[in-house]
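The values are calculated or read from the model by the stated rules, or taken from the named source; none is laboratory data. Computed from a prediction, not measured in an experiment: that's the story for all the values here. Virtual Cβ from ideal backbone geometry, glycine too; neighbours counted across all protein chains shown. Side chains included, ligands, DNA and RNA excluded: accessible areas come from the protein's heavy atoms. Shrake-Rupley method; radii C 1.70, N 1.55, O 1.52, S 1.80 Å.
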Amino acid sequence: MNFDFSEEQGMLRDSVAKYVQDDYDWETRKAIAASDGGMSPDNWQTFAELGWLSVPFEEQYGGFGGGPVDVMVMMEEFGKGLVLEPYLATVVLFGGLLQKGSNDALKEALIPSIIDGSCLGAFAYLERQSRHEMSDVLTTVAADGDDRIINGEKVVVFNAANAGQFIVSARASGNQADKDGLSLFVVPADAEGLELVSYRLMDGQVVANVRFNNVRVPASNAVCAEGEAWDLINDVTQDAVLAVSAEALGIMGQLNSKTVEYTKTREQFGVKISIFQALQHRMVETFMAYEQTKSLLYRAVCDFEADKPEKRESLLALKIMIDKAGKLIYSEAIQMHGGMGITDELDIGHYAKRLMMIGTAFGDAMHHLTEFTDVRYAS
């Protein structure tokens, strides 16, 4: 199998890498993280001008028509720079739900505005009781003529503080954890009855809990057929897991390279610590963990690109490896840098915190291991 990137994919990767290197240094990133919204609107417009926001969208909406590989090469470079702008929340999740949904009017109205950078979106799906089960939804939607009334609460909503539009999962019928009976609706951020409480996660992201108190939206705001949203939710969140896995790979690579460079400058007993064989062995282990993760990522992306039957199994194995390899790599990086490795002053600790958050995104390793076992050994 040919793992070489196409010329267009190589150019895309190089453009993101150059931007991160030249315009997204550590001090710039810290200033963005400390801002109220946790992102830079100017950077977002630059992303639009460079065409990055168009990558996964179909050409009929002004998009590039890219696939999983194109998103992977971008997200890996974003990971290297710990980029805070909401590409995952707006383009992969919010935009992905719109594009793969069945509401053509919403696609035509919103996707071009995502591409030009004027629309920031968020996907509100997680609830207090649901943990990692995305079908565990207590938020309700009820019909009222040509309108729909939404009541409930969503927590840890990525990019909620900056979003102009939300896509909200709500239960139209069925029991609490049923996959049947779920609906998705576009809700404007300024809708009456919508309340938002923002807070910052340890990796610098600004998220929010969003309360819906008799929020009224037209029935035409349904992203897909009402009560039949589960397959769409599952499909798009799989794309999101691929995306954050690529981001995690970029972070692991940076941690490894920064740690190796540090061992070449730090001295102990009058010599560089890079000559100590025990540390060399540990750095080889982290390099092997990185390469194993990279191989699993490439396999999963290829399976999704070809829409192979085993793609779900590959994705589950990848997420388990992200957690296992990530813990090893950031733990060794912190240890070899000493106590300052976990401080806010050094970027090593911030890379580690982002890896920790990715490890729990869309389900932790135990959640995915349980599902992997069910899929692999299903009778």
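Could you rank the peptides 117-128, 191-202, 352-363 by their average count of other C-beta atoms within 10 Å per residue, with the highest value first? Before the final figure, lay out the partial values.
Details: 117-128: 22.5, 191-202: 13.5, 352-363: 19.4.
Peptide ranking by packing, descending: 117-128, 352-363, 191-202.
How large is Rg over Rh for the range 114-231, taking Rg from the Cα atoms and Rh as the Kirkwood inverse mean of 1/r across Cα pairs?
Working: Rg = 13.7 Å, Rh = 14.3 Å.
Over the Cα atoms of the range 114-231, Rg/Rh equals 0.96.
Just how large is the dipole of the chain about the Cα centre, in debye to the nearest 20, putting +1 at every Lys and Arg Cβ and -1 at every Asp and Glu Cβ? Don't jump to the answer; show the numbers that get you there.
Values: 32 positive and 56 negative charges, 283 e Å.
Dipole about the Cα centre, nearest 20: 1360 debye.
How much of the DSSP beta bridge set in the chain is antiparallel, as a percent to the nearest 5?
Values: 31 of 37 bridges.
Here the antiparallel bridges make up roughly 85 percent for the chain.
Run the paramagnetic zone check for Arg200: 7 angstrom along Cα to Cβ, then residues of the range 77-97 with backbone nitrogen under 12 Å.
none
What is the extension gain from Lys100 to Ser6, computed as 0.36 nm multiplied by their sequence separation minus the C-alpha to C-alpha distance, in nm to one decimal? Please list the in-between numbers first.
Values: separation 94, 0.36 × 94 = 33.84 nm, distance 2.50 nm.
Taking Lys100 through Ser6 to full extension adds about 31.3 nm, to one decimal.
Which one, Val284, Gly326, Leu296, is farthest towards the positive end of the dipole of the range 280-352 when Lys and Arg carry +1 and Asp and Glu -1 on their Cβ?
Final value for the positive-end residue is Leu296.
Take Gln129 and Asp144, extend 7 Å from each Cα along the Cα→Cβ direction, and tell me the distance between the two endpoints in nm.
2.3
When a/c reaches 1.5 or more, the comparison of a/b and b/c decides; with that in mind, is the range 244-349 rounded, prolate or oblate per its Cα gyration tensor?
Here the range 244-349 falls in the prolate category.
Sorted by packing (mean other beta-carbon atoms within 10 Å per residue), highest first, where do 166-172, 233-239 land?
Numbers: 166-172: 25.9, 233-239: 18.7.
So the peptides 166-172, 233-239, ranked by packing, come out 166-172, 233-239.
GNM, the chain, Cα, under 10 Å: largest mean-square fluctuation among Asp70, Asp231, Asp146?
Of Asp70, Asp231, Asp146, the most mobile in the Gaussian network model is Asp146.
Run the reach check for Lys154 against lysines, Cα to Cα strictly under 18 Å, same-chain hits fewer than 8 apart removed. What comes back?
Lys179
Pulled fully out, how much extra length does the chain show between Ser15 and Met366, if you take 0.36 nm times their separation in residues and subtract their Cα-Cα distance?
Extra length from Ser15 to Met366 when fully extended: 122.7 nm.
Of Ser113, Ser245, Ser183, which has the largest mean-square fluctuation in a 10 Å C-alpha GNM of the chain?
Comparing Ser113, Ser245, Ser183 in the GNM, the peak value goes to Ser113.
Charges at C-beta only: +1 for Lys and Arg, -1 for Asp and Glu. How large is the resulting dipole of the range 242-379 about its Cα centre, in Debye rounded to 20?
Details: 16 positive and 18 negative charges, 57 e Å.
Here the size comes out at about 280 debye.
Between Ala278 and Ala48, what's the calculated FRET efficiency when r is the beta-carbon distance and R0 is 45 Å? Round to 0.05.
Working: r = 49 Å, r/R0 = 1.08.
It comes out at approximately 0.40.
What fraction of the DSSP beta bridges in the range 171-244 is antiparallel, stated in percent and rounded to the nearest 5?
On the way: 9 of 10 bridges.
Percentage antiparallel, nearest 5: 90.
Using r as the Cβ-Cβ distance of Glu291 and Ala219, and R0 as 56 Å, what FRET efficiency do you calculate, to the nearest 0.05? Spell out each step's value before the answer.
Details: r = 50 Å, r/R0 = 0.90.
E(calc), rounded to 0.05, equals 0.65.
Would you mind computing, in nm to one decimal, how far apart the modelled labels at Glu310 and Lys264 are, each placed 7 Å from Cα along Cα→Cβ?
Result: 3.9 nm between the two label points.
Which three semi-axes in whole Å describe the equivalent ellipsoid of the chain, each the square root of 5 times a Cα gyration tensor eigenvalue, listed largest first?
36, 22, 21
Keeping all protein chains in place, calculate the accessible area per residue for the chain (probe 1.4 angstrom), answer in Å². Kindly include the intermediate steps, with their values, before the conclusion.
Numbers: 16670 Å² over 379 residues.
Ligands and nucleic acids excluded, the result is 44 Å² per residue.
Roughly how many percent of the accessible protein surface of the chain is carbon and sulfur, given a 1.4 Å probe and a whole-percent answer? Each step should come with its number before you reach the end.
Working: 8450 of 16670 Å².
The computed percentage sits at 51.
Would you work out the relative contact order for the chain, in percent, from Cα pairs under 8 angstrom that are 6 or more residues apart? Display every interim value, and only then the final one.
On the way: 655 pairs, mean separation 56.9, N = 379.
Relative contact order, the chain: 15 percent.
Quick one: ranking Trp52, Trp230 by accessible area, 1.4 Å probe, largest first, what do you get? Could you put the intermediate results ahead of the total?
Working: Trp52 5, Trp230 45 Å².
Correct descending sequence by accessible area is Trp230, Trp52.
Report, to the nearest 10°, how far helix 7-23 tilts away from the longest principal axis of the Cα atoms in the chain, using its own Cα long axis and a range of 0 to 90°.
Relative to the chain, helix 7-23 is tipped by roughly 70 degrees.
How large is the helix-only mean residue ellipticity at 222 nm for the chain, computed as the sum of -39500 (n - 2.57) over DSSP H runs with n ≥ 4, divided by its residue count, in deg cm²/dmol to the nearest 500? Please report the intermediate quantities before stating the final value.
On the way: 11 runs with 182 residues, N = 379.
Roughly -16000 deg cm²/dmol at 222 nm, from the helical runs in the chain.
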